[in-house]
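Worksheet: one structure, shown below.
The values are calculated or read from the model by the stated rules, or taken from the named source; none is laboratory data. In this text the structure is predicted, and so the values were computed from the model without any measurement. Quick reminder, even Gly has a Cβ in these numbers, built from the backbone with ideal geometry, and neighbours come from all protein chains shown. Side chains are part of the model used for accessible areas, which takes the heavy atoms of the whole protein and leaves out ligands, DNA and RNA. Shrake-Rupley method; radii C 1.70, N 1.55, O 1.52, S 1.80 Å.
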Amino acid sequence: MQLRSILADLDMWLAEHAPGDQRQLMPPADPTRAAALAAGRFRIHEDVLTWLSVHDGSQRDPRPAAGAFIPQDFPLLGVTGMSLGLAGMVEEVERAVEDGDEEFIVGLEADERWLPVAMNHTGGQLVVDHRPGGEYGAVLELDPSIGVNGVKRWDSMSHMFISVLEALQTGSALMTGSGVKAVPRIEEPADALPHVVWDLYFG
């Protein structure tokens, strides 16, 4: 199933069941900005470009809880957020090399070819791996504060979106990078539109 079709189905599901999340979806990114976001460091994976050609992020307004419909509470980034995230990765790698800590950081907590595509409120990140090899395009989770260092969550952004869509449609669980089950439900606050939340189940 093509990613563009998956995203169209996700948009329709959110519009019907979680309009708070659907309302947070941004319009398409400027294709020139999207193509240049890696500043020539690597060839951007087609899934990333497809996502940006449909939505330039999923948090139009950062104040509401809505927009974080990827477990565990990840709003998706647009071009600006991805660019800033990548710059942060590069700085962290350069600092690690300068301090002699490369073996403890690079490929574990940061990498110049990891493109952040989502970030949650605790600083956890989802990154698309752009290193050459069999894992090219995989979505990894990073959150050193809980010992999650480059854990593979999905084979690709296409795999991520179809997994999330199926979980939303069926109410089934997805596993987080820390091995905790996350189950979706719709929260309907009195003062806001319904949106997706993920309940965590330990053990």
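Out of the residues in segment 121-140 that are open to solvent by less than 20 Å² (accessible area, probe 1.4 Å) and not in a strand (DSSP E or B), state the one that is modelled with the lowest pLDDT.
Result: 124.
Hey, any hits in segment 84-96 for a residue that's under 28 Å from residue 183 (Cβ atoms), outside any loop (DSSP other than H, G, I, E, B) and open to solvent by 20 Å² or more (accessible area, probe 1.4 Å)? Scanning segment 84-96 turns up no residue that is under 28 Å from residue 183 (Cβ atoms), outside any loop (DSSP other than H, G, I, E, B) and open to solvent by 20 Å² or more (accessible area, probe 1.4 Å).
Restricting 115, 108 to residues that are in contact (Cβ under 8 Å) with a residue 60 or more places away in the chain and either touching a helix residue (DSSP H, G or I) at 6+ places or on another chain (Cβ under 7 Å) or open to solvent by 10 Å² or more (accessible area, probe 1.4 Å) (or both) narrows the list to 115. Looking only at residues of segment 1-24 that are out of contact with any helix residue (DSSP H, G or I) (no Cβ under 7 Å at 6 or more places or on another chain) and open to solvent by less than 30 Å² (accessible area, probe 1.4 Å), we find that the one that is nearest to residue 167 (Cα to Cα) is 18. Summed over segment 169-188, the residues that are farther than 19 Å from residue 25 by Cα and part of a loop (DSSP other than H, G, I, E, B) give a count of 8. Summed over segment 43-68, the residues that are at pLDDT 95 or above and either among the small types (Gly, Ala, Ser) or not in a helix (DSSP H, G or I) (or both) give a count of 7.
Residue count for segment 41-73 under the criterion of being under 29 Å from residue 93 (Cα atoms), surrounded by 19 or more Cβ atoms within 10 Å (Cβ to Cβ) and aliphatic (A, V, I, L, M): the result is 4.
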